[in-house]
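Asks: Structure incoming, see below.
The values are calculated or read from the model by the stated rules, or taken from the named source; none is laboratory data. Not measured: the values here are computed from a predicted model. With ideal geometry, Cβ positions are generated from the backbone for all residues, glycine too; neighbour counts draw on all protein chains shown. Keep in mind that these areas ignore ligands, DNA and RNA; they rest on the heavy atoms of the full protein, side chains included. Shrake-Rupley method; radii C 1.70, N 1.55, O 1.52, S 1.80 Å.
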Amino acid sequence: MTRDDSESLPASVSSWLAENLTAGVGPARLVEGLLTLGLSEPRAREAVRTIAEHPAVRHGLRSAPLRDELEALLTARAALHAQRHPGPAPVAVERRHRLVAEDFFERYYARNQPVVIEGLLDDWPARRRWTPEWLAEHFGDEPVEVMAGRDAEADPDFHAERLRRTWLLRELVTHVRGTRGSDDVYLVARNSLLLRPAFRPLLGDLRPPAGYIHPDLSAPDSVHLWFGPAGTVSNLHHDHLNVLFCQVLGRKRFWLLPPCETPRLYNDRGLYSAVDIRAPDLTRYPAFARATLHSCVVGPGDTLLIPVGWWHAVEALDVSMSVTFVSFDRPQRNVEWRDYWIGPRPERVPR
């Protein structure tokens, strides 16, 4: 293959090759991947060789020893974590009642440990008032952004723009009440619904937990609402900030794994794992079997700290409403880990 042939590859394919080469993936595996995209074997081998010789890729390969050292460190940390939790899996997330804010920050937030806290939402009017029917009665004619068609999309979290729809809130409530065991339609955090003028009255039904969350909720992305039927699922991923997850209505099941388990979670794109938490394929993802899994169910009035970097998956067991906060009542409002996004795998290559 000539240089011109190499440059005729779609940019997404070249980027995919470069990313995987610098991540230590062997050329033979990449050739196999290119064959599935429609390349002939000679062209696939030449494409891998050409990209491997690019100066940027060579630089990435020189940094591989540091990456390997960091992975070894995480593996050691994961082994120590497993020794702290030698009992049967999954490990139950610790539960506390009305935890004092100072203890929360010292024992859990600063130590990067999850905890379920009971009693923090007892004074929320939302606990008494928010039902799907109440929302439809008071805000039913307001448009809301939902993710629709998720069941038919293999990677719904990577195609948010494709799945974005605008429904009246009344339509969403009708769907939620008539659906069970479906992940097809979900009102997710990206809507920033609670900061829209029409929905601002809902903020009065919340009480940011005193001492935990900064009382000013007007900043962008400081508070989010999640609403959907039983069966909605967010597959295994991590956030780049600490999150205080507050359950208003219904129950949700959480699976969590600490950041030190990252090498075992097949983080192939962005913030997501390739492992299906409900049916992990251990033949394809064998290292996942050695990861220490934590779990809990949060019900109405429960609050869960999802520490920054902790991998988690979520399944709604009932019709569910949840509120999340990220602006903690500290001078440094939050702590970031990493914030990046890698889109879908490259498109097929024309023959």
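Asks: Got at least one residue in the range 2-16 being modelled with pLDDT under 85, open to solvent by 60 Å² or more (accessible area, probe 1.4 Å) and of a type in the set (A, V, I, L, M)?
Replies: Within the range 2-16 (the criterion being modelled with pLDDT under 85, open to solvent by 60 Å² or more (accessible area, probe 1.4 Å) and of a type in the set (A, V, I, L, M)), the answer is no, since none of the residues qualifies.
Asks: So E171 passes all but one of these: (1) in contact (Cβ under 8 Å) with a residue 12 or more places away in the chain; (2) over 17 Å from the mean Cα position of the chain (by Cα). Which condition number does it fail?
Replies: Of (1) in contact (Cβ under 8 Å) with a residue 12 or more places away in the chain; (2) over 17 Å from the mean Cα position of the chain (by Cα), only one is false for E171: (1).
Asks: Condition check: closer than 30 Å to A101 by Cβ, open to solvent by 30 Å² or more (accessible area, probe 1.4 Å) and in a helix (DSSP H, G or I). Does R200 satisfy that?
Replies: So R200 fits the description; yes.
Asks: While we're here: Which residue out of D157, D141, D216, D205 is exposed (fewer than 13 other Cβ atoms within 10 Å of the Cβ), in contact (Cβ under 8 Å) with a residue 12 or more places away in the chain and either of a type in the set (S, T, N, Q) or closer than 23 Å to F325 by Cα (or both)?
Replies: Result: D216 is the single residue among D157, D141, D216, D205 that is exposed (fewer than 13 other Cβ atoms within 10 Å of the Cβ), in contact (Cβ under 8 Å) with a residue 12 or more places away in the chain and either of a type in the set (S, T, N, Q) or closer than 23 Å to F325 by Cα (or both).
Asks: List the residue pairs whose Cβ atoms are under 7 Å apart, where the first residue sits in the range 261-273 and is over 21 Å from L80 (Cβ atoms), the second is open to solvent by 20 Å² or more (accessible area, probe 1.4 Å) and among the polar types (S, T, N, Q), and the two are 6 or more positions apart or on different chains.
Replies: Y272/N235; S273/N267
Asks: Given the criterion out of contact with any His (no Cβ under 6 Å at 6 or more places or on another chain) and open to solvent by 40 Å² or more (accessible area, probe 1.4 Å), identify the matching residue among E171, E118.
Replies: Only one candidate qualifies: E171.
Asks: Which count do you get for residues in the range 52-67 that are open to solvent by 20 Å² or more (accessible area, probe 1.4 Å), touching a residue at least 12 places away in the same chain (Cβ under 8 Å) and of a type outside the set (G, A, S)?
Replies: Qualifying residue count for the region: 3.
Asks: Return the residues of the range 107-154 that are of a type in the set (D, E) and within 25 Å of the chain's Cα centre (by Cα); say none if nothing qualifies.
Replies: Across the range 107-154, the qualifying residues are E118, E145, D151, E153.
Asks: Quick one: what pairs do we get from the range 293-306, first residue of a type in the set (S, T, N, Q), second open to solvent by 10 Å² or more (accessible area, probe 1.4 Å) and assigned to a strand (DSSP E or B), C-beta under 6 Å, 6+ apart or different chains?
Replies: Once the first residue is of a type in the set (S, T, N, Q) and sits in the range 293-306, its partners that are open to solvent by 10 Å² or more (accessible area, probe 1.4 Å) and assigned to a strand (DSSP E or B) give S295/W255.
Asks: Taking Y272, is it touching a His at 6+ places or on another chain (Cβ under 6 Å) and open to solvent by 10 Å² or more (accessible area, probe 1.4 Å)?
Replies: yes
Asks: Now a separate question. Taking the range 37-56 on its own, how many of its residues are at pLDDT below 90 and within 19 Å of D268 (Cβ to Cβ)?
Replies: Counting residues in the range 37-56 that are at pLDDT below 90 and within 19 Å of D268 (Cβ to Cβ) gives 1.
Asks: Let me ask something additional. I'd like to know if the range 19-33 contains one or more residues that are among the hydroxyl-bearing types (S, T, Y) and open to solvent by 70 Å² or more (accessible area, probe 1.4 Å).
Replies: Within the range 19-33, none of the residues are among the hydroxyl-bearing types (S, T, Y) and open to solvent by 70 Å² or more (accessible area, probe 1.4 Å).
Asks: Can you tell me which residue is nearest to the chain's Cα centre (by Cα) among those in the range 227-245 that are among the small types (G, A, S) and either over 28 Å from D123 (Cα atoms) or open to solvent by 10 Å² or more (accessible area, probe 1.4 Å) (or both)?
Replies: Of everything passing the filter in the range 227-245, S234 is nearest to the chain's Cα centre (by Cα).
Asks: Checking G38 against (1) more than 27 Å from A289 (Cα to Cα); (2) among the small types (G, A, S); (3) part of a helix (DSSP H, G or I), which single condition isn't satisfied?
Replies: That leaves (3) as the condition not met.
Asks: Can you find a residue that is crowded, with 18+ Cβ neighbours inside 10 Å, not in a helix (DSSP H, G or I) and not aliphatic (A, V, I, L, M) anywhere in the range 81-97?
Replies: No: zero hits.
Asks: Something else about it: Would you call R49 under 24 Å from the mean Cα position of the chain (by Cα) and open to solvent by 70 Å² or more (accessible area, probe 1.4 Å)?
Replies: no
Asks: Would you check if V248 is touching a Leu at 6+ places or on another chain (Cβ under 6 Å) and either open to solvent by less than 10 Å² (accessible area, probe 1.4 Å) or closer than 17 Å to W130 by Cα (or both)?
Replies: Criteria not met by V248.
Asks: Checking the condition out of contact with any strand residue (DSSP E or B) (no Cβ under 7 Å at 6 or more places or on another chain) and outside any loop (DSSP other than H, G, I, E, B), which residue from A289, A313 passes?
Replies: Being out of contact with any strand residue (DSSP E or B) (no Cβ under 7 Å at 6 or more places or on another chain) and outside any loop (DSSP other than H, G, I, E, B) holds for just one of A289, A313, which is A289.
Asks: Hey, another quick one. I'm trying to understand the selection: among the residues of the range 251-267, which are outside any helix (DSSP H, G or I), open to solvent by 20 Å² or more (accessible area, probe 1.4 Å) and under 21 Å from R77 (Cα atoms)?
Replies: Correct list: W255, Y266, N267.
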